[in-house]
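Colleague: My questions will all concern the structure given below.
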Amino acid sequence: MALISWDTSYSVNIKEIDSQHKKLVAMINTLYDKINEGHKKEAVESVIDELVKYTFYHFSFEESLLAKHSYAELSKHSKFHNEMIEKIKFFMLQLQRGDQDLSDEMLSYLKSWLINHICTEDKKYADYLNAKGVK
Ligand code: FEO
């Protein structure tokens, strides 16, 4: 069973952003599977590396869209993104140092961060952009 199941209530009603969020959900589920199936440290790190790269891409895409439409809360939103990136980097470093016990904590963090962020912060800009016709 997947760690996170996409729910239509997570939609921000912007096709490309929903697609990127779904990909993030899929990547976190893949990470969950790799860890639970007992894959080697290198395989797990490789998945985290891909997740970090895609997360960077998503945040950058989202922030560019918000900048393009003069979203007033952009810097606050960007701060949430940066905090998440720092946290993932921290988990990655700890795992590289051999602290495998962090896996559960990391997965729990990723799951709750993504869902909470989409359902609170992303939904705030969604209303704003949707009202401007961005869908
Ligand atoms: Fe979809 Fe603000 O991350």
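Read-outs throughout are calculated quantities, based only on the coordinates presented, and are distinct from any laboratory measurement. Because the structure is predicted, anything quoted here is derived from the model rather than measured. As a convention, Cβ positions derive from the backbone with ideal geometry for all residues, glycine included, and neighbour counts pool all protein chains shown.
Colleague: Report the FRET efficiency, 1/(1 + (r/R0)^6), for A72 and R97, where r is their Cβ-Cβ distance and R0 is 30 Å, rounded to 0.05.
Modeller: About 0.15, to the nearest 0.05.
Colleague: Taking the chain as a Gaussian network, where each spring joins two C-alpha atoms under 10 Å apart, which residue of D122, D101, D18 fluctuates the most?
Modeller: So, out of D122, D101, D18, the one fluctuating most is D101.
Colleague: Output wanted: per-residue J couplings in Hz (rounded whole) for segment 55-65, from phi through Karplus 6.51 cos²θ - 1.76 cosθ + 1.60, θ = phi - 60°, x for Gly and Pro.
Modeller: Per residue, the Karplus-derived 3J(HN,Hα) values read 5, 4, 4, 4, 4, 5, 4, 5, 5, 5, 5 Hz.
Colleague: I'd like the Karplus ³J(HN,Hα) series for segment 120-126: coefficients 6.51, -1.76, 1.60, θ = phi - 60°, whole numbers in Hz, and an x wherever there's a Gly or Pro.
Modeller: 10, 5, 5, 5, 5, 6, 4
Colleague: Using a Cα-Cα cut-off of under 17 Å, which aspartates and glutamates could be cross-linked to K89, ignoring same-chain neighbours fewer than 8 residues away?
Modeller: Once the sequence-local aspartates and glutamates are set aside, what remains near K89 is E42, E45, D49, E50, D99, D101, D104, E105.
Colleague: Would you mind pulling out the separation of the Cα centroids of segment 1-72 and segment 73-90, in Å?
Modeller: 14
Colleague: Another question, if that's okay. Relative to the longest principal Cα axis of the chain, at what angle does helix 74-96 sit, 0 to 90 degrees, rounded to 10?
Modeller: Taking the Cα atoms of the chain, the angle to 74-96 is about 10 degrees.
Colleague: Provide Rg and Dmax in Å for the chain, with only Cα atoms included in the calculation.
Modeller: When restricted to Cα atoms, the chain yields Rg and Dmax of 15.4, 48 Å.
Colleague: Once every DSSP H run of n ≥ 4 in the chain is given -39500 (n - 2.57) and the sum is divided by its residues, what mean residue ellipticity at 222 nm do you get, rounded to the nearest 500 deg cm²/dmol? Numbers along the way, then the final one.
Modeller: Numbers: 5 runs with 98 residues, N = 135.
Helix-only estimate at 222 nm: -25000 deg cm²/dmol.
Colleague: Another question, then. Take the cross-link list K34/K79; K68/K111; K53/K111; K76/K123; K22/K53 and give me the ones stretching past 19 Å between alpha-carbons.
Modeller: The answer is K34/K79; K68/K111.
Colleague: Here's a follow-up. Using only the alpha-carbon atoms, how far is helix 102-117 inclined from the longest principal axis of the chain? Give it as 0 to 90 degrees, nearest 10.
Modeller: 10
Colleague: Which of rounded, prolate or oblate describes segment 73-115 when judged by the alpha-carbon gyration tensor and an a/c cut-off of 1.5?
Modeller: In terms of gyration-tensor shape, oblate.
Colleague: Compute the signed sum of charges (Lys and Arg +1, Asp and Glu -1) over the other residues within less than 14 Å, Cβ to Cβ, of A126.
Modeller: Summing Lys/Arg as +1 and Asp/Glu as -1 gives -2.
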